[in-house]
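Structure, as structure tokens:
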Amino acid sequence: MLRFPVHPRYARMFLAAQERGCVRSVALMAALTQGRNFLLRGVDKRTDEARDDLFGEEHESDFFMLMRAWRYADKANYAMEACRRLGLHAQGARQVGPLFEQFLAIAEKEGLDVSERRVDGEAVRKCVLAGFSDQLAKRLDGGTLRCELVHNRRGLLARESCIQKSPLLVAAEISEIEGRGGEVNVLLSLATAVEESWLKEIFPEDYREVRGVTYDESMKRVVSRRERRFRDLVLEAKTSSEDAPLNEAAALLTKEVLAGRIKLEAWDEAVEQWILRVNRLAEWFPELEVNPIADADRATLIEQVCYGELSARDVKDKPVMPVLRDWLTAEQLAVIDDYLPEKLTMANGRKAKLTYAKEGPPVLSARIQELYGVNSTFSLGHGRVPVKIEVLAPNHRPIQVTDDLSVFWRDMYPKVKAELSRRYPRHEWR
């Protein structure tokens with residue numbers, strides 16, 4: 001490659017040309033691109049029609065159009081009038097010939113076959129792909145000239161390019177053109193149409209089919225995605241909402257739940273209290289060998305809730321307690337309500353709610369009227385866990401937290417009764 005006084009891309013094309021029997025074509029293509037473009041752009045309609053009449057239509061490569069134009073100019077001996085009629089820069093075209101001969105001489109010296117032969121256009125285009133694979137572009141749609149390139153770039157195919165119907169192409173020239181308002185457009189020119197099958201043939205390590213699963217935010221569901229890629233350029237992608245693996249779907253839905261984008265309606269305060277009861281059971285009764293539910297375990301439990309579902313709609317209304325109850329063994333499950341119940345039955349026959357926290361004893365909350373007739377302390381777990389008592393006013397606001405109701409009745413209640421009986425005369429005040 002170093003023997004050729006051209007960009008390494010064209011040197012690479014020479015080596016590919018030797019394999020495909022088209023060295024002369026590549027030598028001419030290299031010569032055509034060393035100087036200024038002699039095929040003038042933006043010509044009038046008459047000139048454009050004259051080109052079509054002489055050169056014919058071209059849909060495979062802008063190089064091929066340049067090659068026809070140069071051969072016309074060379075045959076016309078670079079006559080000014082003949083070149084002007086077709087919008088050719090005669091002097092620019094004249095400079096191609098010596099370069100062409102120079103490149104042929106170097107190629108022959110290096111042992112390449114420079115004999116004239118009938119050349120297949122497909123072989124030449126494959127050589128262009130070999131040299132410019134890092135400038136592969138995919139048309140985004142048929143209605144515009146917008147393209148997506150490898151290395152996460154985007155650009156516009158030049159309007160004068162002949163290759164405006166090809167979905168896949170390589171651009172031998174990429175330039176930045178400043179547009180209105182300072183906006184910079186990436187312009188793709190000197191394009192050559194290529195086939196996807198050639199990518200797999202010439203660059204098998206860079207062409208791959210990828211299957212993945214993702215959460216589609218717009219659809220609110222997990223979808224499987226199949227892609228064909230050349231390096232980092234997605235050639236084609238297809239999504240399906242039906243065949244996503246359930247374990248991968250559950251992991252993605254769990255991620256959405258943990259991020260707060262999906263709400264499990266059944267995961268309420270009662271569930272959080274159940275988790276706290278399990279953790280305090282493990283702490284206060286180690287002989288039961290209960291595994292506490294750590295923060296990392298929550299993700300595991302949520303994933304089990306999500307398993308079997310594919311959409312946010314299916315997940316949000318699923319019951320969660322069956323999964324949570326499976327955390328405990330049958331023996332542990334049989335004693336949790338006995339050792340650490342949700343509610344406690346008091347001496348007066350009333351039931352009061354118990355609230356568990358990460359630290360400290362459980363708290364029994366009840367209004368004053370519900371505590372009449374109760375004059376004692378409380379404990380759980382057969383006397384091993386003391387209970388604090390939160391005395392509430394009729395409006396359910398806390399008045400006092402105490403360990404012993406007898407102390408409350410003796411010291412605090414007379415003051416509370418005097419104040420609250422005036423505010424709530426319809427309630428019973430003993």
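Does at least one position in region 112-123 carry a residue that is assigned to a strand (DSSP E or B) and touching a residue at least 24 places away in the same chain (Cβ under 8 Å)?
Filtering region 112-123 for residues assigned to a strand (DSSP E or B) gives none.
There is no residue in region 112-123 that is assigned to a strand (DSSP E or B) and touching a residue at least 24 places away in the same chain (Cβ under 8 Å).
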- [ ] Could you tell me whether any residue of region 195-208 is more than 29 Å from residue 31 (Cα to Cα), touching a residue at least 40 places away in the same chain (Cβ under 8 Å) and in contact with a helix residue (DSSP H, G or I) (Cβ under 9 Å, 6 or more places away or on another chain)?
- [x] yes
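Which one is farthest from the chain's Cα centre (by Cα), of the residues in region 69-94 that are surrounded by 16 or more Cβ atoms within 10 Å (Cβ to Cβ) and not aliphatic (A, V, I, L, M)?
Applying the first criterion (surrounded by 16 or more Cβ atoms within 10 Å (Cβ to Cβ)) to region 69-94 yields 69-70, 72-73, 76, 78, 83, 86-90, 92-94.
If we keep only those that are not aliphatic (A, V, I, L, M) too, we end up with 70, 72, 78, 83, 87, 89, 92, 94.
Working: 70: 48, 72: 51, 78: 55, 83: 53, 87: 48, 89: 49, 92: 48, 94: 52 Å.
Across region 69-94, the extreme among qualifying residues is 78.
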Open item on the list: With in contact (Cβ under 8 Å) with a residue 40 or more places away in the chain, aliphatic (A, V, I, L, M) and farther than 25 Å from residue 32 by Cβ as the only criterion, which of 140, 190, 233 stands out?
Closed with: 233
- [ ] Can you tell me which residue among 6, 43 is at negative phi, buried (at least 18 other Cβ atoms within 10 Å of the Cβ) and either modelled with pLDDT of 85 or more or not acidic (Asp, Glu) (or both)?
- [x] 6
TODO: With respect to residue 377, determine if the residue is in contact (Cβ under 8 Å) with a residue 40 or more places away in the chain and under 19 Å from residue 408 (Cβ atoms).
DONE: no
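When you check residue 232 against the structure, is it surrounded by fewer than 15 Cβ atoms within 10 Å (Cβ to Cβ) and not assigned by TED's automatic domain parsing to the domain that holds residue 328, yes or no? Walk me through it before giving the result.
Details: surrounded by fewer than 15 Cβ atoms within 10 Å (Cβ to Cβ): yes; not assigned by TED's automatic domain parsing to the domain that holds residue 328: yes.
Yes: the conditions hold for residue 232.
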TODO: Tell me which residues, restricted to region 53-66, are within 20 Å of residue 136 (Cα to Cα) and in a loop (DSSP other than H, G, I, E, B).
DONE: 58, 59, 60
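Yes/no matrix, rows are residues, columns are (1) farther than 30 Å from residue 381 by Cβ; (2) loosely packed, with under 12 Cβ neighbours inside 10 Å:
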| site | (1), (2) |
| --- | --- |
| 244 | yes, no |
| 248 | yes, no |
| 278 | no, no |
| 282 | no, no |
| 289 | no, yes |
Task: Candidates 82, 69, 50, 31, filtered to the one that is assigned to a helix (DSSP H, G or I) and within 27 Å of residue 3 (Cα to Cα) - done: 31
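The values are calculated or read from the model by the stated rules, or taken from the named source; none is laboratory data. Values in this document were obtained by computation on a predicted structure and should not be read as measured data. Cβ atoms come from the backbone with ideal geometry, glycine included; neighbour counts cover every protein chain shown.
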